[in-house]
Amino acid sequence: MTAAALKPQPPRKTEPAAPAEEVLYAARRAIYPQSVHGRLRTTKWVLLAITLGIYYFLPFVRWDRGPDAPNQAVLIDFPTRRFYFFFIEIWPQEFYYLAGLLILAALILFLMNAVAGRVWCGYLCPQTVWTDLFLAVERLIEGDRREHMLADAGPWTLEKVAHKTLKHSVWLLLAWWTGGAWVLYFADAPSLVWDLATFQAPTVAYASIAVLTFTTYTLAGHMREQVCTYMCPWPRIQAALTDEYALNVTYLYDRGEPRGSVKKAAVARAAGEKAGDCIDCNQCVNVCPTGVDIRHGMQLECIQCGLCIDACNNVMDKISRPRGLIAYESEKNLEARAAGLPPVRRIVRPRTVLYTALIALVGGIMIYSLADRSTEGLAAIHDRNPVFVRLSDGALRNAYTVRLINKKLEPRRFVLTLDGLPDARIAVVGTESGPEGDVLTVGPDQTLEARVLVTHAGKLDAGASIPVFFRIRDLTSGETAIAKDHFIGP
Ligand code: SF4
Ligand code: SF4
């Protein structure tokens, strides 16, 4: 939301006078959003079904990785410190991929914002999606806005108690299922479901489900729009990232005002006077999940869900006026309308091009590095004390701890060699040297630590520190990995 968008709308004749005193915190008033039908509402239902479907059922999707690996498509495996995502397997030392993913997500969010304002908030944010689901349950049990308001204002009856009990029970069930689905991403889902049901699951699983049940029930059931208004930082950040070309849900003031009843408007038009299309039916306010009256201009509380557009379009259809009194519009377009100029649509502009280029760059780097990543790794650490040992024959010996990583799901045999010190002899403690050198076998998806002694009989300058390169080569595939260290003399 830009500063211009927050400019107060021109005063309306029917608008009540602004309160003299500015209230910094207003006590919460209950919001009873009315159900609405329309294109945007349907889009929201479809997105809700897709996102929740993915969240609840993805842990049960299987992915064959061979006999020694977990077969869950998406799994965060803490015991083996791996993250599995379909064909991708991330090791702890590759967690920069996670950083790349977060950067990518932020850039996509910036791009969405540059094109259509808070479209993320209105359609895809988990808070919006779960609140929508909880509201649907509420309407199903307690009725739509009017029925629900009347029941809440009335005395406690057996029916009201039954409705409230049923609603909170279903909410708790949904919240519990939400927490339960979350823990399934951290273990084999079917086995964990069985363990949970038979009370054999680890305590941490039950504790996590309890915490998530509580947070989902509270945030989606009780706090709802309060989360967006008071807790979420995105509306504040978003305001600094948007521009006058971004589409936002907007009431077309010039078309809607002066507002009045259908009858009054007909009389005014017949007399050749201007009459607005807004009939002041309040439908746009009644359907709003955050209780906003969009006719007052853009507000921080508006999550840009577009439900007021559907509501107003339905009203326009009924009174035979053109749709789009409330619509996705840009500030630039509003200026163009005011000046009687044709609408301006500019999706391609410097900031959208920049975000798209950055998304392509970061995504490209990640895809390339994933495709080009090695399935073996090598690290060497020089002994700190003693740094070198002088042997009885006068030769110098340095000792290292070498770590080999095998990221493949099958055992591999590597030969270890040393470059950079031509006369040096290399020996791995506890292994027999073959014709090709010292051979080390690393199990599937495992690491192996070996103690390596490097002996050099030649002369070295005083204080010498010669760079050396350990190299492993897979005896089957020929793939190699290198680690650099130093051979240190007296
Ligand atoms: S729904 Fe449309 S016609 Fe009704 S009050 Fe809102 S803007 Fe006016
Ligand atoms: S004003 Fe309209 S777009 Fe904004 S939150 Fe309310 S219904 Fe959604």
Q: Measure up LYS408/LYS459; LYS274/LYS318; LYS160/LYS318 against 30 Å on the Cα-Cα distance and list the ones that go over.
A: LYS408/LYS459; LYS160/LYS318
Q: Could you tell me what percent of the accessible area of the chain is made up of carbon and sulfur, with a 1.4 Å probe and every protein chain present?
A: 65
**Q.** Sequence-distant lysines (8 or more away, or on other chains) whose Cα lies within less than 30 Å of LYS164
**A.** LYS44
Q. Going by average Cβ neighbours within 10 Å, how do the peptides 456-467, 88-99 rank, with the highest at the top?
A. 88-99, 456-467
Q: Find how many whole Å separate the alpha carbon centroid of the stretch 83-115 from the alpha carbon centroid of the stretch 351-371.
A: 11
(Q) Placing unit charges on C-beta atoms (Lys and Arg positive, Asp and Glu negative, everything else neutral), compute the dipole magnitude of the stretch 376-488 about its Cα centre in debye, rounded to 20. (A) 200
Q) Alpha carbon centre of the stretch 270-291 versus the stretch 123-151: separation in Å? A) 24
Q: Round to the nearest 10 and give me the degree value, 0 to 90, for the angle of helix 350-372's Cα axis relative to the longest principal axis of the chain.
A: 30
Q | Cysteines having no other Cys beta carbon under 4.7 Å from their own, within the chain | A | CYS121, CYS125, CYS228, CYS232, CYS278, CYS281, CYS288, CYS302, CYS305, CYS312
Q.
If I stretch the segment between ILE237 and PHE78 completely, what's the gain in nm (0.36 nm per residue apart, minus their alpha carbon distance), one decimal?
A. 53.9 nm
Q: Could you grab the relative contact order for the stretch 376-488? Cα pairs under 8 Å, six or more apart, rounded to a whole percent.
A: 34
Q: Could you do me a favour and compute the accessible area per residue for the chain, 1.4 Å probe, result in Å²?
A: 55
Q. Under the classification rounded if a/c is under 1.5, otherwise prolate if a/b is larger than b/c and oblate if not, where does the stretch 144-249 fall, given a ≥ b ≥ c as square roots of the Cα gyration tensor eigenvalues?
A. oblate
Q. Cβ under 10 Å from VAL454's Cβ, VAL454 left aside: what net charge do those residues give with Lys, Arg +1 and Asp, Glu -1?
A. +1
Q) Taking the Cα-to-Cβ direction at TRP45 and at HIS296 and moving 7 Å from each Cα, how far apart do the two end points lie in nm? A) 3.1
Q: Rounded to the nearest 10 degrees, what's the angle between the helix 96-116 long axis and the longest principal axis of the chain, both from Cα atoms, 0 to 90?
A: 20
**Q.** Estimated inter-spin distance, ARG346 and SER261, nm [label 7 Å along Cα→Cβ]
**A.** 4.6
Q. What number, in percent, do you get for the relative contact order of the chain if the mean sequence gap of Cα pairs under 8 Å and at least 6 apart is divided by its residue count?
A. 15
**Q.** Where the Cα pairs of the chain fall when distances are cut into 20 Å bins, in %
**A.** 17, 37, 26, 15, 5, 0
Q.
Tell me the accessible surface of LYS332 in square angstrom (1.4 angstrom probe, heavy atoms of protein chains only), to the nearest ten.
A. 60
Q: Determine the distance separating the Cα centre of the stretch 173-229 from the Cα centre of the stretch 426-490; give it in Å without decimals.
A: 49
Q: Could you give log10 I(q)/I(0) at q = 0.22 Å⁻¹ for the stretch 213-284, computed by the Debye formula over C-alpha point scatterers of equal weight, without solvent?
A: -0.94
(Q) Using a Förster radius of 60 Å, what is the FRET efficiency between ARG403 and LYS274 based on their Cβ-Cβ separation? Nearest 0.05, please. (A) 0.15
Q) Under 13 Å Cα-Cα from LYS332, which aspartates and glutamates qualify once same-chain neighbours fewer than 8 residues away are excluded? A) ASP243, GLU244
Q: Return an integer: the convex hull volume of the alpha-carbon atoms of the stretch 182-333, in Å³ per residue.
A: 166
Q: Let me see the pair-distance distribution of the stretch 376-488: every alpha carbon pair, 10 Å bin width, integer percents in order.
A: 14, 47, 29, 9, 1
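The values are calculated or read from the model by the stated rules, or taken from the named source; none is laboratory data. All values reported here derive from a predicted model rather than from experimental measurement. FYI the Cβ positions are ideal-geometry reconstructions off the backbone, even for glycines, and counts take in every protein chain you see. Just so you know, the surface numbers come from the protein's heavy atoms only, side chains and all, with ligands and any DNA or RNA stripped out. Shrake-Rupley method; radii C 1.70, N 1.55, O 1.52, S 1.80 Å.
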